[in-house]
Amino acid sequence: MSQEMLRSRRLAAFGFCLTVSVSLLWGANHTFDGIYTGKRSLTKGTAGPNCAAEEGVSITVHGKTLSFTNSALQNFGIGFYPHPDGSFHQTYTDEGGDAVNISGRVFGEVIEADVTNPPCECHWYLKKQ
């Protein structure tokens, strides 16, 4: 076999491996996509108009975006950058400087997270639909 043909085959094999690797990485970025529904329960703070004791929550994960819906917000989107093991920590700060911290994990068909949104802290338990 000529050196030219051998080189061409090596390049083709390398290109195939690179394509498969990129495809696997792209798929891994979207493994958590879906709609998750459940409840958020107050863990710290006083139940009232600013802190619901418990309420329904819906989250849609699509790529690097998490959209959140509850009684006060509809499709409120923030960045979503989970680690390969499903753990994540996101912070959203609005123009006024108020921050919301979300720290949790996606495992199987479930998202569990602790959310701090002063003066409230709550826990999410959501299942994929």
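The values are calculated or read from the model by the stated rules, or taken from the named source; none is laboratory data. Everything quoted here is computed from the prediction, not taken from an experiment. Backbone-built Cβ (ideal geometry, glycine too); neighbour counts: all protein chains shown.
Remarks
- A search for C-beta distances below 7 Å between a residue of segment 82-109 that is in contact (Cβ under 8 Å) with a residue 60 or more places away in the chain and under 25 Å from Thr31 (Cα atoms) and any residue that is exposed (fewer than 11 other Cβ atoms within 10 Å of the Cβ) and not β-branched (Val, Ile, Thr), counting only pairs 6+ apart in sequence or on different chains, returns nothing.
- Qualifying positions in segment 58-67 - surrounded by 13 or more Cβ atoms within 10 Å (Cβ to Cβ), of a type outside the set (Val, Ile, Thr) and within 11 Å of the chain's Cα centre (by Cα): His62, Leu66, Ser67
- Members of segment 72-115 that are part of a loop (DSSP other than H, G, I, E, B), in contact with a Lys or Arg (Cβ under 9 Å, 6 or more places away or on another chain) and among the hydrophobic types (A, V, I, L, M, F, W, C): Phe80
- Residues in segment 70-88 that are under 25 Å from Ala52 (Cβ atoms) and of a type in the set (S, T, N, Q): Asn70, Ser71, Gln74, Asn75.
- Unmet requirement for Ala52, which otherwise passes all of (1) under 11 Å from the mean Cα position of the chain (by Cα); (2) closer than 16 Å to Tyr125 by Cα; (3) among the hydrophobic types (A, V, I, L, M, F, W, C): (1)
- Residues of segment 17-71 satisfying the condition of being aromatic (Phe, Trp, Tyr) and either part of a helix (DSSP H, G or I) or modelled with pLDDT of 90 or more (or both): Trp26, Phe32, Tyr36
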